[in-house]
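The structure under discussion appears below in the form of structure tokens.
No lab work stands behind these numbers, since they all come straight from the coordinates. Small disclaimer: the values here were computed from a predicted structure and weren't measured. Positions of Cβ are backbone-derived with ideal geometry, glycine not excepted, and every protein chain shown enters the neighbour counts.
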Amino acid sequence: MTLRDRARAYGIQPQYDLVGGAQRDAPDNTLRGLLQAFGADRLPPLADEPQLVAPPGAQCHVPGQGRHWGIALQLYQLRSARNWGIGDFADLQVLAGHAAQAGAAFLGLNPLHAMFLADPSRCSPFSPSNRRFLNPLYLAVDAVPGFDPAMADAAALHDLRAAPLVDYPAVAAAKLAALRAIWAKGATVPEAFRAEGGDDLYRHALFEVVSTEMVAQGHGAGWLSWPEAWRAVDGEAVRTLADRRSDDIAFHMWLQYLCQTQLQALRDRCRSLGMAIGLYLDFAVGEAADGSGSWGSDIVLPDVRIGAPPDYFNEQGQDWGLAPLSPVAMAATRAAPFRELIGRATRQAGALRIDHAMGLWQLFLMPQGAGAADGTYARYPLADMLTALAEASRQNATTIIGEDLGNVPPGFRDVMEACRILSYRIFFFERDAQGFIPPKNYPREALACLSTHDLPTFRGWWRGDDVALREGFGFIGQTAADEQRRSRAAERADLLGDLVAAGLITAEAAGTIGPDDAPPALTVAVHKHLSRAPSRLFAVRLEDMAAELSPVNVPSTVDEYPNWRRKLTVPLDKLVDTPLYRDLAAALAAERPV
């Protein structure tokens with residue numbers, strides 16, 4: 001059997017398609033590296049080659065016949081007079097009230113997955129430590145039973161609130177100190193919660209304790225940086241520490257209990273306000289290779305990374321630094337680990353967005369030592385994955401949105417539609433040879449929006465700031481940047497023409513709008529235009545309601561840009577009274593009434 005045939009037997013693709021139809025061969029070293037990581041020397045090949053076909057009966061829950069709209073936001077970016085320098089669950093209670101009053105059916109959030117409490121600077125919500133659990137930094141500490149204002153430094157909290165960026169280490173220090181003080185007063189973990197969490201909950205809490213110890217000793221927060229004696233969950237060093245620090249382990253279990261309690265209270269609040277969907281949560285495509293989710297796991301591949309092949313946005317390809325679930329383990333267990341994960345994720349979500357939904361079928365993987373341009377795709381047992389997803393969706397009445405952007409295999413969207421997974425249609429990308437695709441031609445089974453967390457705000461897009469950032473960081477060369485600027489000028493002209501034709505702005509007004517900035521009236525008009533799509537759901541970004549300019553994230557950057565740290569420039573209580581917020585909400589409510 002040749003190397004390429006052997007790779008295919010394990011679902012590894014020796015050749016793959018790029019966006020636009022070009023094909024690329026995977027390097028032999030990549031195939032060998034993935035075979036080794038998949039355990040091909042000790043595990044049998046796949047019994048059946050995965051097929052891109054919707055399994056019978058795998059249909060997800062969908063909302064009623066209405067056309068709903070909601071607000072998408074990054075939770076950390078909320079400012080308020082009471083939070084501790086980062087948006088929290090109590091801020092969301094306030095925003096839910098304003099959103100429901102305006103007619104919104106949901107609040108769409110960034111992933112809330114557990115991060116690394118021992119190293120809070122690792123703040124990308126799409127690179128979590130564990131997707132089973134939640135991030136305690138989003139706790140409203142002042143709402144925890146037993147809290148006393150004397151547990152917090154008022155001056156320090158004032159400074160945290162005033163900062164333009166979230167200071168994650170300082171926020172973590174303040175919150176954990178107060179939570180420790182509450183815990184010391186006699187708080188406990190309910191036995192029912194402890195029992196339900198089982199071994200996964202204990203191992204995550206143990207990881208946090210060991211991680212803190214390792215950081216104190218000068219190592220990293222992730223287990224791949226720990227001395228060999230500490231890497232084994234059941235090793236002597238870890239067992240000894242666990243015996244000595246049982247109270248600390250219980251404390252971290254309690255933090256998860258508080259997170260679940262406050263999140264459930266938020267979902268109940270959305271229901272009581274009459275929001276048709278309520279919480280729209282986000283599910284990351286993978287976990288950090290050195291987090292608690294992969295520690296001691298035999299189903300996560302820490303020596304393999306998820307990414308994307310070269311494309312329009314990055315000519316070198318992308319390395320997301322995430323560890324995938326083993327395709328071989330998924331096939332051997334009928335996707336049981338994914339079933340457990342997605343069951344938890346849908347439990348408190350009225351809607352759930354699956355980041356990079358094509359990962360249900362294939363992921364672009366790089367073995368150790370390979371760069372993004374050297375990766376290739378590996379296939380997953382799609383039928384089992386979709387069956388698990390549909391069962392969880394129906395059981396918890398959770399609408400599923402699949403982020404079907406980037407390199408979408410032919411036929412994949414047909415499978416999504418058959419399974420009633422809503423497509424994710426971004427206005428900026430919906431173009432053909434004639435210009436922007438008219439919103440009236442968008443699919444019914446979709447969520448429509450202007451932009452996402454990986455893309456510029458509307459004002460930033462209008463100005464072409466995203467092109468300048470890509471060129472400045474070296475992701476594209478000058479030739480590509482010049483072409484993208486010319487394309488953007490044509491896109492601006494197309495958009496203005498469409499808005500005039502739709503009667504949303506006059507030709508005279510369109511003639512006064514230059515490329516330097518987008519006036520508020522244009523922001524309202526383009527959202528009103530897109531919201532007329534027949535798609536079931538429409539999301540407006542809170543950044544656009546706040547007239548923000550800078551993006552929250554520039555993909556493929558780490559320290560070059562303050563990703564996931566920018567706060568809104570306007571506090572929540574003032575934002576909801578601004579003319580732009582009110583005009584946008586009124587326009588969407590008129591187009592998509594409750």
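Using Cβ point charges alone (K and R +1, D and E -1), the dipole size of the stretch 115-277 about the Cα centre works out to roughly 440 debye.
Given Cβ point charges of +1 (Lys, Arg) and -1 (Asp, Glu) and nothing else, what value in debye, to the nearest 20, does the dipole of the stretch 164-223 about its Cα centre take?
Dipole about the Cα centre, nearest 20: 260 debye.
Direction-averaged projected area, Cα convex hull, the stretch 376-474: 9.0 nm², rounded to one decimal.
The distance from the alpha carbon centre of the stretch 70-101 to that of the stretch 566-594 is 13 Å, rounded to a whole number.
Convex hull over the alpha-carbon atoms of the stretch 1-144: what's its volume per residue in Å³?
Hull volume over Cα atoms, normalised by residue count, gives 248 Å³.
Once divided by 2.2 N^0.38 Å, the Cα radius of gyration of the stretch 24-73 becomes 2.11. Most tightly packed first, judged by the mean number of other beta-carbon atoms within 10 Å of their residues, the peptides 226-235, 467-476, 541-550 read 541-550, 467-476, 226-235. Lys/Arg Cβ at +1, Asp/Glu Cβ at -1, dipole of the chain taken about the Cα centre: which of A72, W295, V94 is farthest positive-ward? Result: V94.
A straight Cα-to-Cα reach below 18 Å connects K185 with the lysines K175, residues fewer than 8 places away in its own chain not being considered. Peptides 106-117, 180-191 ranked from most to least packed by the mean count of surrounding Cβ atoms within 10 Å: 106-117, 180-191.
For the stretch 289-374, the spread of Cα positions along the three principal axes, ordered from largest to smallest, is 39, 30, 23 Å. For the chain, the relative contact order works out to 20 percent when only alpha carbon pairs closer than 8 Å and six or more residues apart are counted. Each peptide among 315-327, 350-362, 148-160, 410-422 gets the average number of other Cβ atoms lying within 10 Å of its residues, and from highest to lowest they stand as 350-362, 315-327, 410-422, 148-160.
Can you find, among P324, P519, A26, the residue sitting farthest towards the positive end of the charge dipole of the chain, where Lys and Arg contribute +1 and Asp and Glu -1 at Cβ? Going by the charge dipole, the pick is P519. Residues of the stretch 407-446 with amide nitrogen under 13 Å from the 7 Å Cα-to-Cβ point of D25? Of the residues in the stretch 407-446, none has backbone N under 13 Å from the label point off D25. Relative contact order for the stretch 210-324: 19 percent, from Cα pairs under 8 Å spaced at least 6 residues apart, divided by residue count.
Helical runs assigned H by DSSP (4 residues or longer) give the chain a calculated mean residue ellipticity at 222 nm of -12000 deg cm²/dmol, each run adding -39500 (n - 2.57) before division by the residue total. The amide H of L322, built 1.01 Å from its N in the peptide plane, has I306 as neighbours under 5 Å, considering only residues 5 or more places off or on other chains.
Principal semi-axes of the equivalent ellipsoid, √(5λ) from the alpha carbon gyration tensor of the stretch 480-558, are 22, 19, 13 Å from largest down.
What does the convex hull of the Cα atoms come to per residue for the stretch 115-277, in Å³?
Residue-normalised Cα hull volume stands at 151 Å³.
Once both labels are positioned 7 Å from their Cα atoms along Cα-to-Cβ, the gap between A489 and A418 label points is 4.6 nm. Cross-link partners for K574 among the lysines, with Cα-Cα distance under 24 Å and sequence neighbours closer than 8 places in the same chain left out: K528. Sequence-distant contacts, meaning Cα pairs under 8 Å at least 6 residues apart, place the relative contact order of the stretch 115-277 at 28 percent.
Backbone geometry of the stretch 422-430 corresponds, through the Karplus equation with coefficients 6.51, -1.76 and 1.60 at θ = phi - 60°, to 3J(HN,Hα) couplings of 5, 6, 10, 9, 9, 3, 4, 9, 7 Hz, x marking Gly and Pro. Built from the Cα atoms of the chain, the convex hull projects on average onto 26.5 nm², one quarter of its surface area.
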